[in-house]
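Working notes for the structure below.
The values are calculated or read from the model by the stated rules, or taken from the named source; none is laboratory data. Note that the structure is a prediction, hence the values are computed from the model and not measured. Cβ placement follows ideal geometry from the backbone for every residue including glycine, while neighbour counts extend to all protein chains displayed.
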Amino acid sequence: MGKVEDLIEAYGRQVSLPWEEMLSEQEKIWFCVYEPMYERRIQARLEEFKIKTVNACHTWVHYDISGDFESWLIENEYHEDYFKNPSDLEYDLPDYISYMVDILSKKLEETDSNTVTAITGIGTLFGIVRASTIIDKLIRQTKVHGRLLFFFPGDRDGRKYRLLKARDGWNYLATPIEVEE
């Protein structure tokens, strides 16, 4: 089997385990960690992750954040100014972070304790904001009822995750799902 198939199988094993309810919000987060070069293959095979979820008697909800920055930016009254001087954008990035947290919070509020909420497109945050900032703020203000799954193109060293293998990582209590070497 290839790396993507192995990752789907690893996810299937994880989602089939009994779910402990008395976990912190951080511990209800799963990171499906894979090499960035597999991003498009993972996207193309999301349905297989959904099938594994449904076969384990759980509900699957998917949300792709890939176009959310553009949607937020075009609605911003200063968007044309940002194209002329992109460095000015940094002053509005806290608003973008709040925008993302609000969107993801609404998705989580629509779920129950039997739902896997799968988030794709996290790599599109690279160079704009830190994924860790959005995730940390999200779990501080929103209850994770079931499991929150981030498809994470990057790597992991212990509890330290690095998006796209490029930034200094951050420590996280999330459950990693990855291909065993």
- Could you tell me which residue of the stretch 124-143 is surrounded by the most Cβ atoms within 10 Å (Cβ to Cβ), considering only residues that are part of a loop (DSSP other than H, G, I, E, B) and more than 13 Å from the chain's Cα centre (by Cα)? 142
- Inside the stretch 21-30, can you point out the residues that are touching a helix residue (DSSP H, G or I) at 6+ places or on another chain (Cβ under 8 Å) and farther than 12 Å from residue 143 by Cβ? 26, 29, 30
- Task: Looking only at the stretch 153-166, decide whether some residue is aliphatic (A, V, I, L, M), at pLDDT 95 or above and in contact with a strand residue (DSSP E or B) (Cβ under 6 Å, 6 or more places away or on another chain).
- Result: no
- Would a scan of the stretch 70-84 turn up a residue that is in contact with a Ser or Thr (Cβ under 7 Å, 6 or more places away or on another chain) and β-branched (Val, Ile, Thr)? no
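Hey, among 149, 108, which residue is over 20 Å from residue 75 (Cβ atoms), under 14 Å from the mean Cα position of the chain (by Cα), part of a helix (DSSP H, G or I) and at pLDDT 95 or above?
108 is the lone residue from the list that is over 20 Å from residue 75 (Cβ atoms), under 14 Å from the mean Cα position of the chain (by Cα), part of a helix (DSSP H, G or I) and at pLDDT 95 or above.
Residue-by-condition table, conditions (1) assigned to a strand (DSSP E or B); (2) surrounded by 15 or more Cβ atoms within 10 Å (Cβ to Cβ); (3) not acidic (Asp, Glu):
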residue	(1), (2), (3)
14	no, yes, yes
18	no, no, yes
21	no, no, no
32	yes, yes, yes
40	no, no, yes
50	no, yes, yes
62	yes, yes, yes
- So which pairs qualify, if the first residue must be in the stretch 23-41 and within 17 Å of residue 123 (Cβ to Cβ), the second must be at pLDDT 95 or above and hydroxyl-bearing (Ser, Thr, Tyr), the Cβ gap must be under 7 Å, and the two must be at least 6 apart or on different chains? 32/11
- How many residues does the stretch 152-181 hold that are surrounded by 15 or more Cβ atoms within 10 Å (Cβ to Cβ), assigned to a strand (DSSP E or B), in contact (Cβ under 8 Å) with a residue 12 or more places away in the chain and not hydroxyl-bearing (Ser, Thr, Tyr)? 9
- Task: Kindly indicate whether residue 54 is surrounded by 12 or more Cβ atoms within 10 Å (Cβ to Cβ), without any contact (Cβ under 8 Å) to a residue 12 or more places away in the chain and not in a strand (DSSP E or B).
- Result: yes
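From the list 139, 119, which one is within 16 Å of residue 23 (Cβ to Cβ), in contact (Cβ under 8 Å) with a residue 12 or more places away in the chain and touching a helix residue (DSSP H, G or I) at 6+ places or on another chain (Cβ under 9 Å)? Before you say what the answer is, go through the steps one by one.
Details: 119 fails: within 16 Å of residue 23 (Cβ to Cβ).
Of 139, 119, the one residue that is within 16 Å of residue 23 (Cβ to Cβ), in contact (Cβ under 8 Å) with a residue 12 or more places away in the chain and touching a helix residue (DSSP H, G or I) at 6+ places or on another chain (Cβ under 9 Å) is 139.
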- Does the stretch 84-132 hold any residues that are small (Gly, Ala, Ser) and farther than 30 Å from residue 38 by Cβ, and which are they? 87, 98, 113
- Out of (1) under 27 Å from residue 160 (Cβ atoms); (2) in contact with a His (Cβ under 8 Å, 6 or more places away or on another chain), the one residue 6 does not meet is (2)
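Give the residue that is nearest to residue 29 (Cα to Cα), with candidates limited to residues of the stretch 54-105 that are polar (S, T, N, Q) and modelled with pLDDT of 90 or more. Walk me through how you get there before you give the answer.
Of the residues in the stretch 54-105, the ones polar (S, T, N, Q) are 55, 59, 66, 71, 76, 85, 87, 98, 105.
Now narrow it down to the ones that are modelled with pLDDT of 90 or more: 55, 59, 66, 71, 98, 105.
Numbers: 55: 20, 59: 16, 66: 20, 71: 26, 98: 20, 105: 14 Å.
Ranking the qualifying residues of the stretch 54-105, first place goes to 105.
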